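Novice: I'd like to ask some things about the structure below.
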Amino acid sequence: MARFGMVIDTAKCVGCMDCVVACKTENSVPEGLNRDWIEYEVQGKYPSLHMEIRSERCNHCSNPPCVYCCPTGASHVHDLGGVVLVEHNVCIGCKACIASCPYDARFIHPDGYADKCTFCIHRVEKGLDPACVSVCPTHCMSFGDLEDPNSDVTRLLESRNHHALIPEAGTKPCIFYLV
Amino acid sequence: MNPVSRRKFLKISAATISVAAAGSAIVKGAEALGNKSGKEVKGVQKIPTYCDICFWKCGAIAYVNDGKLWKLEGNLEDPLSRGRLCPRGTGGVGAHYDPDRLKSPLIRRSERGREEWVEVTWDEAFTHIADKLQKIKAQYGPEAVALFAHGIGGNFFKHTLKAFGTPNITAPSFAQCRGPRDVGFRLTFGEDVSSPERTDIKNSQCLVLIGSHLGENMHNSQVQEFAEAVGNGASIIVVDPRFSVAASKAKFYLPIKPGTDLALLLAWMNVIVKEGLYDKDYVQKYGFGFEQFAAELTPYTPEWAYPETGIEPELIRTTAREMARYRPATLVHPGRHVTWYGDDAQRSRAIALLNALLGSWGRKGGFFYPVSMDVAGYPYPAYPKPEKAKVDNPDNKYPFAHETITTGIREATISGKPYPIKSWFVYATNLIHALPNEAETIKAIQNLDLLVVVDVIPSEIAGWADVVLPESVYLERYDDINVEWFREPFVALRQPVVESPHDQKPNWWMAKKLAEKLDLGAFYPWKDIEEYIIHRLTTAGLSFDELKKKGILRGSKQPIYFDEGVSAQFPTPSGKIEFYSLQLAKAGFDPVPKYRRPLPGPLGSFRLLYGRSPVHSFSRTQSNHILMDMVAENEIWINADVARRMELKTGDYVRLKNQDNIVSNKVKVKATERIRPDCVYMVHGFGHNSRGLKYAFQKGASDAQLLTRYVTDPLMGGTGMNVNFVTIESEASHG
Ligand code: SF4
Ligand code: SF4
Ligand code: SF4
């Protein structure tokens with residue numbers, strides 16, 4: 001079974017938001033809302049500073065609280081790659097999933113359903129990279145199968161130090177940040 | 001790791017409510033625009049073109065779904081974008097759907113600047129313009145007309161106005177941007193850095209960035225190569241009063257005192273020369289006047305530079321040695337927007353000299369020699385010879401200005417000397433934001449008999465116009481082909497992807513119609529631009545059909561380094577790299593750059609620095625809804641300790657007041673460790689006051705408005721603009 005994930009090299013990311021813009025046009029994300037976003041984490045005191053820039057989105061967790069708490073089954077784990085998706089027609093917009101997500105990855109779409117990153121499953125099914133990955137001018141994002149020992153993502157994780165977000169939440173996130 | 005805050009959730013929820021009420025402007029726009037000709041093609045079409053959100057001209061593929069523009073991706077064939085656009089290019093979709101676009105030709109109906117118009121037909125607009133121009137020509141001569149044009153779209157207006165007989169054609173890209181850099185490099189190597197820059201970043205093993213914030217400034221190829229260099233483990237040295245994104249990738253970050261870069265450059269060269277670390281063979285073979293140059297450097301020790309720059313002598317030495325260690329694959333980047341302090345051409349020359357010491361010019365990892373395809377221009381009739389010389393630089397006051405000085409034309413328009421300027425044509429440059437000292441610009445405008453502005457949005461300069469001509473955005477028009485000078489030869493086509501939604505027209509059509517009204521039809525022997533492009537391409541043995549299909553045609557690779565066979569020729573007076581410049585000495589300037597301490601500001605004020613956002617181009621993208629969704633207003637960066645002392649926190653609104661009592665729009669505070677305490681920083685381009693820009697109106701503050709002072713570069717007339725100081729006023733005191 002494939003297990004899709006992303007590996008993002010924070011050493012290369014410049015925070016340009018191309019990933020956010022590309023997601024917006026690819027997926028017609030409504031104005032005022034975004035499925036991905038950029039975080040800057042600054043540590044230290046001027047001029048001895050350390051800064052990590054991260055492109056963040058739904059972590060497509062292997063242990064997804066948003067799926068467990070959904071009363072209708074709209075939030076579900078897709079057969080392909082364990083991607084966490086929302087069935088728009090089934091979702092009643094109750095926001096339980098929004099409250100349960102430790103990453104604040106979800107929002108209510110103006111059409112009334114919970115929305116978030118889909119890992120661009122419509123592209124992945126066609127053999128394409130997600131829009132954000134394919135647009136990134138710094139080539140800092142990689143997408144692939146975490147279970148495949150020969151995939152780029154697996155190899156990057158083996159060769160570089162990395163971390164995931166809020167591991168203590170126990171959600172088993174599938175997005176990793178190289179440092 | 002910080003847990004992600006709940007704040008974002010709240011923000012998103014709030015946005016959800018307002019969007020639910022307002023609906024999606026993007027979707028709405030699409031419905032409203034439709035397709036005028038009704039020739040809707042079902043399904044997805046992919047059409048190649050090249051981008052115009054900035055001047056980089058990246059090759060793009062437009063996706064049109066059921067006749068409506070869907071998305072833009074990079075063209076893999078294109079050497080500039082290498083298949084990936086920058087965020088502005090990706091968001092270019094928003095330019096087409098922008099509801100605030102100019103829709104039809106307008107003629108002013110009340111006082112200048114009040115933005116009150118009558119809509120007219122194109123024919124009425126051209127008749128009006130042509131009548132006025134003929135009157136101006138009869139009374140003052142054709143030289144009384146000036147053109148300000150930015151980007152490739154200005155080519156045809158240049159053509160019409162040259163045919164009309166004026167030599168006064170200019171762009172802010174010289175005197176308000178890269179001019180000093182190109183002058184400094186010409187004086188040293190005999191050639192400039194050009195655009196796109198000939199910097200071989202991807203092969204650099206040591207990259208030095210001085211105030212050049214790649215990654216925030218999204219010149220696509222450069223940012224891609226910067227990331228590549230970082231990935232290759234290149235040693236990055238960043239000099240900036242602000243801890244830029246590039247600084248966060250650096251091995252060495254030098255938090256320099258603003259305005260003292262030249263002191264640092266001289267100290268670096270002092271170390272490299274004194275310790276014998278320079279490329280001796282290269283200097284001996286190609287250099288002129290090295291001994292005199294070396295002697296001039298003697299006083300500039302790192303100890304001397306320390307109190308000037310605030311950079312510790314040991315750090316100056318270590319970084320100088322680091323550069324020498326990787327030479328010739330060390331690139332001291334010349335920057336692009338370098339009009340800072342008025343000594344900019346000499347500072348740029350110091351950068352050129354440092355590169356010369358490292359032997360990086362013409363070498364892999366330094367500066368390559370750009371190549372291009374052989375495509376001739378269109379064989380037009382000869383232009384009439386203007387009777388008067390250009391107006392911008394009387395008596396050759398700025399002897400090394402090799403392009404026309406915008407602010408020189410502005411001055412002549414105000415003073416009427418050396419001769420009057422009575423009409424401005426402005427193409428795709430918002431002069432109110434692009435030139436320093438807005439009051440002078442407005443004063444000049446008030447002396448005009450005719451101000452024509454061609455733009456896609458109702459910019460501030462359009463607000464002052466007598467006639468406004470609405471242009472189709474780049475996705476709706478053909479433009480001149482781009483025969484680029486870069487790493488490899490290629491030619492790119494811009495072609496219409498969708499139709500213009502209203503009565504907008506492409507620049508070539510306007511320029512041709514205007515020429516015909518002025519009885520200059522003979523200068524437009526072609527029927528339409530396709531005919532023009534086909535002529536140029538077929539003469540060069542290239543196929544229009546193939547270019548239409550691919551968007552890019554590439555030539556064969558050619559040598560770009562000395563090692564590959566480029567001949568090392570330096571078109572300077574000595575034919576060598578001029579370490580010591582006799583032509584500077586002869587003109588009364590320092591033959592080797594000398595440091596002069598920048599003037600301090602009033603007590604208790606902060607030096608105002610400005611820069612770029614990765615999602616905006618100048619003041620031209622703030623009504624693009626997609627890009628505004630990324631960054632909707634600028635912030636004023638204030639050092640965290642300073643902010644604490646002033647009881648300001650991130651998100652508070654303040655106003656900035658400059659040394660001349662000009663007060664800005666309100667602007668959000670960003671209290672941050674990432675900047676020195678003696679300066680503040682903001683992104684350029686926000687704080688629009690044009691009423692037509694409904695969406696962008698008064699979002700953030702305009703740096704340009706606060707740049708009332710500038711120091712003119714004595715070599716070339718550039719305007720150093722980092723010489724303004726502000727105090728921070730609480731928003732409450734201004735209501
Ligand atoms: S597009 Fe790439 S470089 Fe730009 S912010 Fe996103 S991940 Fe970072
Ligand atoms: S994977 Fe697709 S949906 Fe998810 S953030 Fe990237 S572009 Fe958006
Ligand atoms: S750098 Fe960005 S905005 Fe400029 S031409 Fe390229 S894609 Fe367009």
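Novice: Enumerate the helices (runs of 4 or more DSSP H) found wholly within region A:46-136, keeping only those where 1 or more residues are within 11 Å of chain B (Cβ to nearest Cβ) and touching a Leu at 6+ places or on another chain (Cβ under 8 Å). Step through it out loud before you land on a result.
Specialist: On the way: elements: A:65-68, A:96-100, A:121-124, A:131-135.
Of the helices (runs of 4 or more DSSP H) lying wholly inside region A:46-136, those with at least 1 residues that are within 11 Å of chain B (Cβ to nearest Cβ) and touching a Leu at 6+ places or on another chain (Cβ under 8 Å) span A:131-135.
Novice: Kindly indicate whether B:Leu102 is outside any loop (DSSP other than H, G, I, E, B) and open to solvent by less than 60 Å² (accessible area, probe 1.4 Å).
Specialist: On the way: outside any loop (DSSP other than H, G, I, E, B): no; open to solvent by less than 60 Å² (accessible area, probe 1.4 Å): yes.
In short, no.
Novice: Follow-up. Can you name the residue in region A:15-66 that is touching a helix residue (DSSP H, G or I) at 6+ places or on another chain (Cβ under 8 Å) and more than 28 Å from B:Gln224 (Cβ to Cβ) and, of all such residues, is farthest from ligand 3 (Cβ to nearest atom)?
Specialist: A:Pro65
Novice: Within region A:132-149, can one find any residue that is over 16 Å from the mean Cα position of the chain (by Cα) and either among the basic types (Lys, Arg) or under 18 Å from A:Leu33 (Cβ atoms) (or both)?
Specialist: No, because not a single residue in region A:132-149 is over 16 Å from the mean Cα position of the chain (by Cα) and either among the basic types (Lys, Arg) or under 18 Å from A:Leu33 (Cβ atoms) (or both).
Novice: How many residues does region A:16-32 contain that are touching a residue at least 40 places away in the same chain (Cβ under 8 Å) and on the phi > 0 side of the Ramachandran plot?
Specialist: Total satisfying the criteria: 0.
Novice: Restricting region B:662-679 to residues that are open to solvent by 30 Å² or more (accessible area, probe 1.4 Å) and in a strand (DSSP E or B), which is farthest from B:Ala640 (Cα to Cα)?
Specialist: Checked region B:662-679; the qualifying residue farthest from B:Ala640 (Cα to Cα) is B:Val663.
Novice: Please tell me if A:Tyr177 is closer than 26 Å to B:Arg82 by Cβ and open to solvent by less than 30 Å² (accessible area, probe 1.4 Å).
Specialist: Taking the combined requirement at face value, the residue satisfies it.
Rundown of residues vs (1) on the phi > 0 side of the Ramachandran plot; (2) surrounded by 20 or more Cβ atoms within 10 Å (Cβ to Cβ); (3) part of a helix (DSSP H, G or I), yes/no style:
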residue	(1), (2), (3)
B:Tyr282	no, yes, yes
B:Ala294	no, no, yes
B:Pro299	no, no, no
B:Glu303	no, no, yes
B:Leu315	no, no, yes
B:Arg321	no, no, yes
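Novice: With the requirement that a residue be on the phi < 0 side of the Ramachandran plot and either assigned to a strand (DSSP E or B) or in contact with a helix residue (DSSP H, G or I) (Cβ under 7 Å, 6 or more places away or on another chain) (or both), what does region B:105-121 give you?
Specialist: Selection gives B:Pro105, B:Leu106, B:Ile107, B:Arg108, B:Arg112, B:Trp117, B:Val118, B:Glu119.
A quick yes/no check of all residues on (1) surrounded by fewer than 16 Cβ atoms within 10 Å (Cβ to Cβ); (2) of a type outside the set (D, E, K, R):
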site: B:Lys517; (1), (2): no, no
site: B:Pro525; (1), (2): yes, yes
site: B:Leu537; (1), (2): no, yes
site: B:Ser556; (1), (2): yes, yes
site: B:Gly575; (1), (2): yes, yes
site: B:Tyr580; (1), (2): no, yes
site: B:Ala585; (1), (2): yes, yes
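Novice: Suppose the filter is among the hydroxyl-bearing types (Ser, Thr, Tyr), closer than 30 Å to B:Gly289 by Cα and open to solvent by 30 Å² or more (accessible area, probe 1.4 Å); does B:Tyr383 pass it?
Specialist: Numbers: among the hydroxyl-bearing types (Ser, Thr, Tyr): yes; closer than 30 Å to B:Gly289 by Cα: no; open to solvent by 30 Å² or more (accessible area, probe 1.4 Å): yes.
Judged against the criteria, B:Tyr383 is not a match.
Novice: Here's another thing I want to ask about it. Residues of region A:6-27 being within 12 Å of ligand 2 (Cβ to nearest atom), at the interface with chain B (Cβ under 7 Å from one of its Cβ atoms) and surrounded by fewer than 24 Cβ atoms within 10 Å (Cβ to Cβ), which ones?
Specialist: A:Thr25, A:Glu26
Novice: Let me ask something else about it. Looking only at region B:615-642, which residues are touching a helix residue (DSSP H, G or I) at 6+ places or on another chain (Cβ under 6 Å) and either away from chain A (no Cβ under 14 Å) or over 26 Å from B:Leu475 (Cβ atoms) (or both)?
Specialist: B:Ser619
Listed here are the residues, each with its yes/no results for (1) away from chain A (no Cβ under 14 Å); (2) basic (Lys, Arg); (3) not in a loop (DSSP other than H, G, I, E, B).
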site	(1), (2), (3)
B:Arg644	no, yes, yes
B:Thr650	no, no, no
B:Met682	yes, no, yes
B:Ser690	yes, no, no
B:Ala701	yes, no, no
B:Thr708	yes, no, no
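Novice: What residue, among those in region A:48-64 that are over 30 Å from B:Val239 (Cβ atoms) and surrounded by 23 or more Cβ atoms within 10 Å (Cβ to Cβ), is farthest from ligand 1 (Cβ to nearest atom)?
Specialist: Step one: filter region A:48-64 for residues over 30 Å from B:Val239 (Cβ atoms), giving A:56-64.
Now restrict to residues that are surrounded by 23 or more Cβ atoms within 10 Å (Cβ to Cβ): A:57-61, A:64.
Numbers: A:Arg57: 10, A:Cys58: 15, A:Asn59: 15, A:His60: 17, A:Cys61: 20, A:Pro64: 23 Å.
Of everything passing the filter in region A:48-64, A:Pro64 is farthest from ligand 1 (Cβ to nearest atom).
Here's the yes/no breakdown for (1) within 15 Å of ligand 2 (Cβ to nearest atom); (2) buried (at least 20 other Cβ atoms within 10 Å of the Cβ); (3) of a type in the set (Gly, Ala, Ser):
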| position | (1), (2), (3) |
| --- | --- |
| A:Gly112 | no, no, yes |
| A:Lys116 | yes, yes, no |
| A:Cys120 | yes, yes, no |
| A:Leu128 | yes, no, no |
| A:Cys132 | yes, yes, no |
| A:Cys136 | yes, yes, no |
| A:Phe143 | yes, yes, no |
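The values are calculated or read from the model by the stated rules, or taken from the named source; none is laboratory data. Quantities reported herein were computed from a predicted structural model and do not represent experimental measurements. Don't worry about glycine lacking a Cβ; one is built from the backbone with ideal geometry, like all the others, and counts go over all protein chains shown. For accessibility, only protein heavy atoms count, side chains too; no ligands or nucleic acids. Shrake-Rupley method; radii C 1.70, N 1.55, O 1.52, S 1.80 Å.
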